[in-house]
Amino acid sequence: MKLYNLTPSASFSEPAATHAESGVAQRRSRMKKRFVATGILLLPLLLPVMANAANKGLYDQMRAISTREFLQTQSGSTAIDTEVQRFVPAVLARAGITITPEDTLRAFNPSETLTACQTTSAFGASFICNGFLQPRIKSLVEREMRVRLLGRDLQILASGYEAPVLGGSTSNFPVQAQAIVRIWRAGTGSIIAASGSSIRAVTLTRADVQTYLQAITQILGPGLRPGDYEAAYTGAVWQYSYGVRFVTGDLRPARWATPFPEASPGSEREQLNKRTPVVEGALLSFWEYVKTKPLTPPLRNGEIVLFTLDKDAKALLPKNLNVWAFREKTKDGQDSGDAGLGFDFATEPVLPSLCKDGVAGCDIGNPAVGNITTLGGAFPPPPLELTATGSGLCGMPYQRAGYLCRAFEAANVTKCNETLRPDSSAVVLGTCTGKTGTRATLAGPDACSDIGWKNGTIPFDPNTQCKVDMSCGNLTFSGMTEPKDANGVIKVTIDETTEGPATYLMIHELVHARQNCTAVPGTFVALNQSITGPNDPMAAMKNDNCCRAEGEAYRAQCQAMSDDGVFGPNGEIVGSTSGLPLNAESCWQILTDYSCRERTFGSCANTFSYTSGNPQEQAANVASAYGGKLKQGLNDIISIATTNKPASIPMTCSATYDKTKPEKSDPRVAAALRELNLLGRKVCDPNRETTYENTIGNNMCALSSCVEQTLEDHRLAPGEAGFTTQDPIALDQACRVRTAAQGLIEFMAQDEPIALPVYRPALMVKQIDTAFCQTNGYPPALLPIACGVSAQNTVGFPSLNLVEQAGKLLNQGESGNERTRKIEELSTALASRIGSELYNSVLQRGVDRLTRVITSASTLLDTFTQVKFSNVECSPKAFESDAQIAAYCRDIAPASSSSSARP
Amino acid sequence: MSKSKTKAPAPKRVLLYALLIFIAFVLALFTGAELTGQVNKNNLRGAVLAACSGSNLLFPNTGAASLERWIGDYRRETSLVVDDILATAENPTCTLEREDDVPQSLITLARKLAPWQKKNPTLSEAPSVLLEHLRVYECSLSEWNRFSFGSQVAGSSSSSVGTRIDTSFHRQAREQKLIQNELSIARPSLHRTLSYVGSALRLHPLSQNMDCLVRASADLRNVLGLAAETSMCLPRTWDVRQTLQNPAP
């Protein structure tokens, strides 16, 4: 905050005060308040780039201000601001008294005389200059210095309050929040564009910037600031606190109004808006260096680089001074950035100049006869109607994302039910209760499918991927899956009037499509070569291929039927006309056996026995196989499926599937189609290289994708692939028992809703009591009633000078007033702290939640290291005998708890 | 009649006053140092409701140059604690087993003050510690102002009483100016510092946690990066039909 419109209280005798027209005083007062408020809102403050700046000398700075309060230097000699020294003679000149600026210092020393004092007064110089004038000069000086002290105190309050919000020496809150978001977020594309720019930091060493910083130090050193509080120095730092390019207009967008209120040279606000060419030159040189500094990796669109100084580089600058810079590439690819100055602790405001800089005289206005001039500066013109977005604040990398710089009428407002409008009397942060889209996936969790978390996209490769083109048609058989063509397309055709519900047939054919999806074009697993005859040396292999390929497809098909309750509500064995015990298990075995026999690949092994006929019968005629029971079993399955299917399952193909709206199909069919389109394009496919920004979210996306791919594409054993996620993956799944080796499920406690913090008025009163006692110089635990201001304090510090002691006794009321004022100031700070504690506790809960998430994640990751993998090899054969499975189930019975056997 | 008996003649009254001043002077001459020492020896007496007295721990009386040293010590110590508090806020220690990250300089200072003799201060007590430090400083200056004159006269090596008194008066005048200066400036300086620090650190607990969360998040990110890298092998680990190694591209 710049406190630049503190109007001087020039009121020595009659002259200066007469120029203040009382009729407009009230309006001006309102104007002043408004202007100050505008100044507070604009917050032209420190950029938090130099967050690690040395925090040295805050107390010394405050001490220097306090010595000024008592008109002293650190060494104890009298000190008066240069502006006041020049202003007082100008005020006296209107009363016909001539003194020099140095005479204001002499007025505070009783042993010195006002050597240059002259007057045209009728009382004569001997009376005016000797004795009469000195106390009045002292009074005028003290009054002006008190106003300036008030400015400094207000600046301290404002800077202290703003420091943790803006970042800087005492808090990196904006940086921390940004860092946490950046580390945790998922997504590198559209998400960033929606939520803001990406920011990184580059540290500059002493060797990097020595030339530039030394130039700045030389200019801002003794040459520009002969004293610690020289207005030119303070003004220059504030002037370039938003950046040198902002001041020169290079960086200002055309839509922005000029950010600086009118201030002609010689006005009281001259130093506030005075441009300093030498400082600008040094800063522009520094900016040129920053602008051309090579960056690795190069800046991407929408990325910002903050340049920070290391400790050695910072040491090149004067105490409490900072130099900052940032560079960015805008979202449309334009290079931008700026460099500027700032304070570590912004304790000194830009105070009124009072008199023209470097020119004799202090009158502001039209000096012609009959016109009004004002000593010490005119009231400022009405403030420009600057919106926050037109200020330098909104050009800063962090601050421009704040609510002051946020456009209320943004595009997103159309999604919200509320209409957001700025309110001059309140801070409107806004709410949005509009509906956001929800996404339900079918093929499992589909991790991060709606987030662009990977860099780049994977092009379609017909050799490793496929596109399934499923349609309904008129066939002489139920369904057909063709080999993958050169374009990677696999055509699947379902007979419109197939026997049984078309849904189950689609599931069957899509398993075949999946078997061929990742193979090279022309491949058709298992069924593209028939057995040439009894002596075909590949007969066994071809039989095995058919049994496995068809087994997978029929298994998925019969599992779906079982899930739908075709075989009874609990999947139990149901009776049939063939006398075969039908359930999901016997279903897929019968259908597989039938299918392979029909295609002359021979029979497939079964895990159950036909009650009549020879189980080893190899009859070519499927109608007579097992005494005709195979054909009967097939018909039974079709009949049962037709009869027992849920009412929601249609019979015909066209009623089941609409090519233009595949997502409207049976969820299992839709999931399979979606899954097929992802095959070969997954993160964890062989030879797949995936790059992404290293964030927790993106790492979780990669991890989840691989786990999901494991669940969806696993091949635990031939013929045992699940059709959809969560399907059983092994024949013996039901006989498995949970063992300790299978791990535990991690639970995270549900958080309670955030509530308002407890309001403890008694605690606040106690804190104020303590502050009250300590302000009055008593121990913190003393009873408050004993902490009142004691008139004897003055006596308590007796002076050996009796006259001075008497004066102190007379002025002890002033001492009490001073303490009252201190308590008022302290109460403000105390209230700020108490208020902060209230919302701090709310924010703290959010932090606590994040802490719990990190703790849980840590526990989870720790358990990863404790997973025990099986040392039992999976059986490579799809069909195992009853005896094998029985033995397997026996092996993993409860007694064998040390291993989960099959993974 | 009674008036004339109770009111001494003017010359006698002057003599009486002179006698009283002389007695007070002699008492101060011979008891000043002892009084000061007595207070300092018991500087921690009455721990909570301590009287306004100096502290031998913080501002020991080491002779004539004590005052200048006290002033320098107070400024350095206060500045150090303020700087350390700000530095702690900027760079917290995340691995502490306690909640508060209190700078050592604050603990050291507080331990020398009566209310914190038996316990360490919390960071939120820093303003109280600094104000109590200031109070003891002011009391030490006040005490020096009261008793140093007698001590100096008594401790002077000069044989002439007149010279001793004259030298002590000059020193007293110079020291009094320093004391008045300090009593005027020290308190408003600390108030301004606390106003700034109190506001600037109001989000300190949150900021400290955030800082530690940033570091923990970075650790978590790196571990998850390793887990993600490892997970790339999962599908092939589960697929018995293909090799674990990448086929040739």
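Placing a pseudo-label 7 Å from each Cα along the Cα-to-Cβ vector at A:Asp862 and B:Asp219 gives an inter-label distance of 1.1 nm.
Legend: P(r) of the range A:620-711 from all alpha carbon pair distances, 5 Å bins from 0, whole percents, reading 2, 10, 12, 12, 10, 10, 12, 10, 9, 6, 3, 2, 1, 0. Count Lys and Arg as plus one, Asp and Glu as minus one, and take only other residues whose Cβ is under 14 Å from that of B:Trp144; the net charge is then -1.
To the nearest 100 Å², how much accessible surface do chains B and A cover up together, summed over both, with a 1.4 Å probe? Numbers along the way, then the final one.
Details: alone 16720 and 47270 Å², together 56140 Å².
Separately minus together, B and A give about 7900 Å² buried.
Over the whole of A:770-781, what's the average partner chain Cβ count within 10 Å per residue? Rounded to a whole number, please. Working shown, then result.
On the way: counts 3, 4, 0, 2, 11, 3, 1, 8, 6, 15, 11, 8.
Shielding by partners across A:770-781 averages 6.
What FRET efficiency would be calculated for the residue pair B:Ala64, A:Asp848, taking the C-beta separation as r and a Förster radius of 60 Å, to the nearest 0.05? Provide the component values of the computation, followed by the final result.
Details: r = 57 Å, r/R0 = 0.96.
Efficiency computed from Cβ-Cβ geometry: 0.55.
A Förster radius of 30 Å combined with the Cβ-Cβ distance from A:Ala539 to B:Thr230 puts the calculated FRET efficiency at roughly 0.10. Contact residues in the range A:61-90 by the 30 Å² criterion (accessible area, 1.4 Å probe, full protein complex versus chain alone): A:Met62, A:Arg63, A:Ser66, A:Phe70, A:Gln72.
The Cβ shell under 13 Å around A:Cys472 holds other residues with a net charge of -3, Lys and Arg each +1, Asp and Glu each -1.
The values are calculated or read from the model by the stated rules, or taken from the named source; none is laboratory data. These numbers come from a predicted model, not from an experiment. No Cβ is skipped: glycine too gets one built from the backbone with ideal geometry, and neighbour counts run over all protein chains shown. Only protein heavy atoms, including side chains, enter the accessible area calculation; ligands, DNA and RNA are left aside. Shrake-Rupley method; radii C 1.70, N 1.55, O 1.52, S 1.80 Å.
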